[in-house]
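*Asks:* My questions will all concern the structure given below.
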Amino acid sequence: MLIKEVTALFKKELILEWRQKYALNGILLYVVSTVFISYLSFKSIDEITWNALYWIIMLFSAVNAVAKSFIQESSGRQLYYYTLASPEAIILSKMLYNTLLMLVLATLGYTVYSLVLGNPVGDQGLFIVNMLLGAVGFSACLTMVSAIASKAGNNATLMAILSFPVIIPILLMVIRVSKNAMDGIDRDLSMDKLLTLIAINAIVSVVSFMLFPYLWRS
């Protein structure tokens, strides 16, 4: 039953996004234009700046993409969902959709970023795995925070404050692993950081799954 509800809600998210292409196109334009502006500003940058700038772009892209998860939903539509599906199905479908959206944005950003500013990454495989884990972490964290903010009058400031303590550990981990990938360091030296990142993603996802029903009933 849960799987059917999650599948139906996930399809609903895709259909709504397809109908409202301006939202997705606006986010994609943001990523591409930010990378291009970075190129016009720096022309040539060192590896440390390249790494930091990439994740800054990804962080703000994630906020712009995921913030609308619950904030765009009206109270009437949320009440309608309440009568049709379980809260577990709703939060899982939102997290899956936002994860897919973040993976698309991360891949596009990495491709455009590499074409415009060059690609100094030594270990492409490690960087891509780290990028995917970072995208999952951003989406899981910001989805739940978006739900909390929607219950507090869609306060964007509240969303920024609540997401900060969770986003920072994820951001630190992905930046460190990315630096190791750029330097071509042995992957074994990055395994502890990757496991930590996986653990953070799992904790955030499980906590969101467990706590969202209480938030939804309010």
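*Asks:* Mind telling me which of the residues Ala152, Ala140, Ala147, Ala181 ends up being buried (at least 21 other Cβ atoms within 10 Å of the Cβ), more than 13 Å from the chain's Cα centre (by Cα) and either farther than 24 Å from Ser38 by Cα or among the basic types (Lys, Arg) (or both)?
*Replies:* On inspection, the qualifying residue turns out to be Ala147.
*Asks:* On to the next question. Determine if the stretch 166-181 includes at least one residue that is over 17 Å from Ile56 (Cα atoms), at pLDDT below 85 and of a type outside the set (Val, Ile, Thr).
*Replies:* Looking through the stretch 166-181, none of the residues is over 17 Å from Ile56 (Cα atoms), at pLDDT below 85 and of a type outside the set (Val, Ile, Thr).
*Asks:* Which residue out of Leu117, Leu158, Leu142 is free of Cβ contacts under 8 Å to residues at least 12 places away in the same chain and either small (Gly, Ala, Ser) or in contact with a helix residue (DSSP H, G or I) (Cβ under 7 Å, 6 or more places away or on another chain) (or both)?
*Replies:* Leu158
*Asks:* Please name all residue pairs, on different chains or six or more residues apart, with Cβ atoms under 6 Å, provided the first residue is in the stretch 35-59 and is farther than 20 Å from Ile170 by Cα and surrounded by 14 or more Cβ atoms within 10 Å (Cβ to Cβ) and the second residue is of a type in the set (Ser, Thr, Tyr) and at pLDDT 80 or above.
*Replies:* Val35/Tyr113
*Asks:* Conditions first: (1) buried (at least 20 other Cβ atoms within 10 Å of the Cβ); (2) at pLDDT 85 or above. Val121 passes all but one, so which condition is the exception?
*Replies:* (2)
*Asks:* Sticking with this one: Looking at Leu126, Leu189, Leu171, Leu195, which is the one that is among the aliphatic types (A, V, I, L, M), in contact (Cβ under 8 Å) with a residue 24 or more places away in the chain and surrounded by fewer than 20 Cβ atoms within 10 Å (Cβ to Cβ)?
*Replies:* Of Leu126, Leu189, Leu171, Leu195, the one residue that is among the aliphatic types (A, V, I, L, M), in contact (Cβ under 8 Å) with a residue 24 or more places away in the chain and surrounded by fewer than 20 Cβ atoms within 10 Å (Cβ to Cβ) is Leu171.
*Asks:* Do we find a residue being at pLDDT below 85, farther than 30 Å from Asn180 by Cβ and among the polar types (S, T, N, Q) anywhere in the stretch 58-71?
*Replies:* yes
*Asks:* For the stretch 84-99, which positions are among the polar types (S, T, N, Q) and in a helix (DSSP H, G or I)?
*Replies:* If the condition is that a residue be among the polar types (S, T, N, Q) and in a helix (DSSP H, G or I), then Ser93, Asn98, Thr99 are the ones that fit.
*Asks:* If a residue has to be more than 21 Å from the chain's Cα centre (by Cα), within 16 Å of Lys68 (Cβ to Cβ) and among the β-branched types (Val, Ile, Thr) to count, how many in the stretch 80-124 make the cut?
*Replies:* 0
*Asks:* Please find, within the stretch 86-115, the residue that is modelled with the lowest pLDDT out of those that are small (Gly, Ala, Ser) and farther than 30 Å from Leu40 by Cα.
*Replies:* Among residues in the stretch 86-115 that are small (Gly, Ala, Ser) and farther than 30 Å from Leu40 by Cα, the one modelled with the lowest pLDDT is Ser86.
The values are calculated or read from the model by the stated rules, or taken from the named source; none is laboratory data. Note that the coordinates shown come from a computational prediction; the quantities given were computed from them, not determined experimentally. Every residue, glycine as well, gets a Cβ built from its backbone with ideal geometry; the counts of neighbours run over all protein chains shown.
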